[in-house]
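Note sheet for the following structure.
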């Protein structure tokens, strides 16, 4: 990109500057610290010049938007043609409560739905199980049977919206419930659009809503990928997620490397099943967090696209452009929000959302200002959505594609992220792959180490968190706190009892038996889960049937 | 084999009750307490109040720390207190942390929880509190 002579001249000029102008400044006004670092611990230089990106090749490393290696974006027009999807994660209480919240969000201009499930649902327990006590409808909506799903989407035509569902361990069953709800509305499978998170590998590293051991879980994921590629062309059967890894304590580079390594593991497993990479890879989607270290986050997104494109093209020999696309959803960071002076969180969310947009995200969830205190109130959710709308319509950052492309710092950082990511790939390969890494506790240890380091730095004030270790005020928090109606538990249990009474018991048992047989023989179990769901088998019944075949995962205690 | 456990070291049992998988905070605290010289028994995620109380008695701990970010604290924490009482083990101090609204914090303190730590609490504050609480009890 730069002629050798020019680089030499810049180097000389820089040395000259360091000896004169800079020296004079440092003598009178020293810098705040000796070493400046990004959140991943990369040393940040005082100023970046063409010398730092002297090997940079525009066509090879960036190219044009919509062209390989997609560093600048996966679409040729990006936000000039279509703004990202504003998708706010929501769900609480019973199906009726969530249905109401969805209709509220749709009427305020939201363009996609995203369902949060409560912990019993996430872990595959029915609401009447002992482990569900005290958790029903709290962190999301409770779903026990098809009935609940029918109510959540009552009056919302499933061929007109796309729905993302954060569900992993029991993803296949919840997806089956959505599919059958669609069929009952008269919407055929091929017209359903949306995403199931279904990324089980990261559950063992973070978030922890696993059920079965890694190996059969991975097989189950391939079942859903195969089923989607044959029947639901508009569905993303997996959202390979770094978000939870990051929130559990990982830094940006760990988030990037572990997520892409998970992605490669799924592709490998699907190819091993005999699927053609170009038949399913276009429907793989990703999900990242966006934290406060602005440029590092942007570099992370740009590097992610480039690394994935190379992986798909070179290692998996994908031919279609779409197979090489890293399409991703972003959520601003929950763990950077503070309970102290919570209104300040609006500013944090704005910075993070802006970085996600400058990084070329396809959809975005902005967190609400009160999330360090409780589930978000309606007002807080609206402010979060408005934050996205202000970025989209008022800031002008969407007018040109990848506006930070060519910045010496951002390009250097993007290269650095890529380089460090490969270092982690090598380490994971040495361990024997992602599943082995999980079994040995490699990822868990890495994440715990970073989380502890971060907390220590905050404690020692090496890292400033406004309102927490600097600029404190002593005043009570006065923002409205959202509460789930305590009646939820009783209402949910009553509905579950009613469904169980009204269904045909013989049909339920028969379909569960067929499901177990197929799971035992290693066949694709999706059609059998759908059958069981149609007969109103509960989530817990289906999960238990599969536990009989696959076993249960017990986590390693690592801290 | 009999393992002799010196009672000079403070023994703390940490656990996540219920199904909540947010274990970042409690793991950081486990490590901080351990680095501060305490004996830490971390039970991990997905524990029932019964399992927690049983382990606490068996391990003869001074303090139980419960972390809950899923909103289920008003079920799980009182249940642990109740079971401790039933077993005659109320001398074990219960502290908790996570996402707990102020209103609930007051209620939990009245029920007998010794301390509720909110998000952003410095690790040193938690360490000092545990040390002080155990010392007070002799």
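The values are calculated or read from the model by the stated rules, or taken from the named source; none is laboratory data. Just so we're clear, the structure is a prediction, and the values are computed from it rather than from any experiment. A quick note on method: Cβ atoms are made from the backbone with ideal geometry, for glycine too, and the neighbour counts reach across all protein chains shown.
Is it the case that the stretch A:52-75 has a residue that's touching a strand residue (DSSP E or B) at 6+ places or on another chain (Cβ under 9 Å) and farther than 19 Å from residue A:301 by Cβ?
The answer is no, given that none of the residues of the stretch A:52-75 is touching a strand residue (DSSP E or B) at 6+ places or on another chain (Cβ under 9 Å) and farther than 19 Å from residue A:301 by Cβ.
Touching a residue at least 24 places away in the same chain (Cβ under 8 Å) and more than 10 Å from every other protein chain (Cβ to nearest Cβ), is that true of residue B:91? Explain how you work it out, then say what you get.
Values: touching a residue at least 24 places away in the same chain (Cβ under 8 Å): yes; more than 10 Å from every other protein chain (Cβ to nearest Cβ): yes.
Answer is yes for this residue.
Identify, by number, the condition in (1) in contact (Cβ under 8 Å) with a residue 12 or more places away in the chain; (2) under 15 Å from residue B:81 (Cα atoms) that residue B:123 doesn't meet.
It fails just one condition, (2).
Quick check, is residue A:552 part of a helix (DSSP H, G or I) and either in contact (Cβ under 8 Å) with a residue 60 or more places away in the chain or over 29 Å from the mean Cα position of the chain (by Cα) (or both)?
Considered against the rule, which asks whether it is part of a helix (DSSP H, G or I) and either in contact (Cβ under 8 Å) with a residue 60 or more places away in the chain or over 29 Å from the mean Cα position of the chain (by Cα) (or both), residue A:552 comes out as no.
Looking at the stretch A:201-242, which of its residues are more than 19 Å from residue A:558 (Cα to Cα) and within 14 Å of chain B (Cβ to nearest Cβ)?
A:241
Scan the stretch B:8-25 and tell me whether some residue there is at the interface with another protein chain (Cβ under 10 Å from one of its Cβ atoms), under 16 Å from residue B:112 (Cα atoms) and not in a loop (DSSP other than H, G, I, E, B).
Looking only at the stretch B:8-25, we keep the residues that are at the interface with another protein chain (Cβ under 10 Å from one of its Cβ atoms), and these are B:14, B:16-25.
Subset that is under 16 Å from residue B:112 (Cα atoms): none.
No; the residues of the stretch B:8-25 include none that is at the interface with another protein chain (Cβ under 10 Å from one of its Cβ atoms), under 16 Å from residue B:112 (Cα atoms) and not in a loop (DSSP other than H, G, I, E, B).
All but one of (1) under 30 Å from residue A:456 (Cβ atoms); (2) in a helix (DSSP H, G or I) hold for residue A:557; which doesn't?
Tallying (1) under 30 Å from residue A:456 (Cβ atoms); (2) in a helix (DSSP H, G or I), residue A:557 fails exactly one: (2).
If residue A:482 satisfies every condition in (1) outside the structural domain of residue A:308 (by TED's automatic domain parsing); (2) under 30 Å from residue A:304 (Cβ atoms); (3) within 25 Å of the chain's Cα centre (by Cα) but one, which is the exception?
So the condition that residue A:482 fails would be (2).
Just give me the residues in the stretch B:34-63 being within 11 Å of another protein chain (Cβ to nearest Cβ) and over 19 Å from residue B:77 (Cβ atoms), in sequence order.
Across the stretch B:34-63, the qualifying residues are B:34, B:35, B:40.
Yes or no: the stretch A:75-95 includes at least one residue that is touching a residue at least 24 places away in the same chain (Cβ under 8 Å), over 20 Å from residue A:380 (Cα atoms) and more than 30 Å from the chain's Cα centre (by Cα).
Here is the first cut: in the stretch A:75-95, the ones touching a residue at least 24 places away in the same chain (Cβ under 8 Å) are A:77-80, A:83-95.
Next, from what is left, pick out any that are over 20 Å from residue A:380 (Cα atoms): A:77-80, A:83-84, A:94-95.
Add one more test, that the residue is more than 30 Å from the chain's Cα centre (by Cα), and what stays is none.
No, because not a single residue in the stretch A:75-95 is touching a residue at least 24 places away in the same chain (Cβ under 8 Å), over 20 Å from residue A:380 (Cα atoms) and more than 30 Å from the chain's Cα centre (by Cα).
Looking at (1) farther than 23 Å from residue A:273 by Cα; (2) away from chain B (no Cβ under 14 Å); (3) in a helix (DSSP H, G or I), which is the only condition residue A:537 fails?
(3)
I'm checking my understanding of the structure. Among residues of the stretch A:122-145 that are facing chain B (nearest Cβ under 10 Å) and not in a loop (DSSP other than H, G, I, E, B), which one is farthest from residue A:169 (Cα to Cα)?
A:130
Collect the residues in the stretch A:545-559 that are under 14 Å from residue A:211 (Cβ atoms) and surrounded by 18 or more Cβ atoms within 10 Å (Cβ to Cβ), keeping them in residue-number order.
A:545, A:546, A:550, A:553
Taking the criterion of being within 21 Å of residue A:145 (Cβ to Cβ), assigned to a helix (DSSP H, G or I) and in contact with a strand residue (DSSP E or B) (Cβ under 8 Å, 6 or more places away or on another chain), would at least one residue in the stretch A:187-209 satisfy it?
No, the stretch A:187-209 has no match at all.
Return the residues of the stretch B:72-88 that are within 11 Å of chain A (Cβ to nearest Cβ) and either within 23 Å of residue A:334 (Cα to Cα) or exposed (fewer than 14 other Cβ atoms within 10 Å of the Cβ) (or both); say none if nothing qualifies.
B:72, B:73, B:74, listed by residue number.
Does residue A:317 count as out of contact with any helix residue (DSSP H, G or I) (no Cβ under 6 Å at 6 or more places or on another chain) and within 19 Å of residue A:197 (Cα to Cα)? Can you show your working first?
Numbers: out of contact with any helix residue (DSSP H, G or I) (no Cβ under 6 Å at 6 or more places or on another chain): yes; within 19 Å of residue A:197 (Cα to Cα): no.
Against the criterion (out of contact with any helix residue (DSSP H, G or I) (no Cβ under 6 Å at 6 or more places or on another chain) and within 19 Å of residue A:197 (Cα to Cα)), residue A:317 does not qualify.
For the stretch A:471-489: of the residues being modelled with pLDDT of 80 or more and under 28 Å from residue A:126 (Cα atoms), which is surrounded by the fewest Cβ atoms within 10 Å (Cβ to Cβ)?
Here the residue is A:487.
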